[in-house]
Amino acid sequence: MKKVLMLKSSILGEHSQSSALLDDLAMLWQYKGVQITTRDLATDPVPLLDGELANGLRGGDALNERQTAALALSDTLVAELKQNDTIVLAAPMYNFMIPTQLKAWIDFIARAGVTFTYTDTGPQGLLSGKKAVIVTSRGGMHKDAGSDHLVPYLTTLLSFIGIKDVEVVYAEGLNMGPENAATAMANAKQALNQLD
Ligand SMILES: Cc1cc2nc3c(=O)[nH]c(=O)nc-3n(C[C@H](O)[C@H](O)[C@H](O)COP(=O)(O)O)c2cc1C
């Protein structure tokens, strides 16, 4: 059975467009028998990485309580990544980038020796055989433009940890009037419906 991890990261709660797109996709895939795990990084946030936590994520036997808890959470998040075949990331654009909440998750799963390693020939991702789908909602239009730092960043990060099969679904122009928004959401839903 196909296993999918869905990560929501919008701060807009029930008004979130990216969360709505993930909910629609989850309903469709559940109907097809896909096993789905959903994590909402806005309602269940990962702590912001600081020096103490970064040291804690490297492990060792002299960790304080805060570091021990962070390492346990990181291990859980990495296990969740490893256990699923497909990762669907909701990526709303905030100030030309991903939400802080999604970056915090990345800081907890990008771990040397766990999800990537450095070799004599450069970095090597340690996750393999996985696919990612980025569902990115935006108020304006940024696809393939210099203002889109989000998609290049996420595809670089995913490739760095070994996920090179990445599909991107855009819902753009969501703040450019109701007609544009409705068309963008309909197009994004159609693109998601066509994923296998
Ligand atoms: C804090 C904040 C920053 C935003 N920054 C941008 C931006 O840089 N570019 C853009 O096109 N839209 C921007 N928007 C609009 C959002 O991308 C848009 O509302 C989108 O629907 C957000 O996805 P969500 O509904 O899943 O949260 C911003 C919205 C918020 C709340």
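The values are calculated or read from the model by the stated rules, or taken from the named source; none is laboratory data. Worth saying up front: this structure is predicted, and the values here are computed from it rather than measured. Note: ideal-geometry Cβ built from the backbone for every residue, glycine included; neighbour counts use all protein chains shown. The area values use the complete protein model at the heavy-atom level, side chains included, leaving out ligands, DNA and RNA. Shrake-Rupley method; radii C 1.70, N 1.55, O 1.52, S 1.80 Å.
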Worksheet, complete the sentence: residue 11 and residue 195 label points (each 7 Å along its Cα→Cβ direction) are spaced in nm at 2.5
Worksheet item: Check residue 38: other-chain or 5+ apart residues with amide H under 5 Å from its amide H, H built from backbone geometry?
Response: 6
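Would you mind getting me the FRET efficiency between residue 112 and residue 30? Use the beta-carbon distance for r and R0 = 45 Å, nearest 0.05.
Working: r = 36 Å, r/R0 = 0.79.
Once the sixth-power term is evaluated, E becomes 0.80.
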Discussion item. What FRET efficiency comes out for residue 38 versus residue 61 if R0 is 35 angstrom and r is the Cβ-Cβ distance? Round to the nearest 0.05.
Written reply: 0.55
Item to complete: Just the number, please: carbon plus sulfur as a percent of the accessible area of the chain, 1.4 Å probe, no ligands or DNA/RNA counted.
Response: 52
Fill in: Estimated FRET transfer efficiency when R0 is 30 angstrom, pair residue 147-residue 179 (beta carbons, to 0.05)
0.85
Discussion item. Can you give me the convex hull volume of the Cα atoms of the chain, divided per residue and expressed in Å³?
Written reply: 131
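Figure the gain on full extension for residue 187 and residue 159 (residue separation times 0.36 nm, minus the Cα-Cα span) and round it to one decimal in nm. Walk me through the numbers on the way to the answer.
Numbers: separation 28, 0.36 × 28 = 10.08 nm, distance 2.63 nm.
Stretched fully, the residue 187-residue 159 segment lengthens by 7.4 nm.
Remind me, relative contact order of region 90-196 in percent, using alpha carbon pairs under 8 angstrom and six or more residues apart?
Values: 152 pairs, mean separation 29.5, N = 107.
Here the relative contact order equals 28 percent.
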Worksheet item: On average, how much accessible surface per residue is there in the chain, in Å², for a 1.4 Å probe, leaving out ligands, DNA and RNA?
Response: 51
Fill in: Virtual spin-label span in nm between residue 121 and residue 80, 7 Å along Cα→Cβ
3.4
Practice prompt. Could you count how many Lys pairs in the chain have their Cα atoms under 15 Å apart, skipping same-chain pairs fewer than 8 positions apart?
Written response: 14
Worksheet item: Which of the helices in the chain meet the span-like rule: DSSP H, Cα axial reach of 24 Å or more, Kyte-Doolittle mean at least -0.5?
Response: 65-83
Practice prompt. Normalising by the residue count of the chain, find the relative contact order in percent from Cα pairs under 8 Å and 6+ residues apart.
Written response: 22
Worksheet, complete the sentence: Restricting to Cα pairs under 8 Å and 6 or more apart, the percent relative contact order of region 55-109 works out to 30
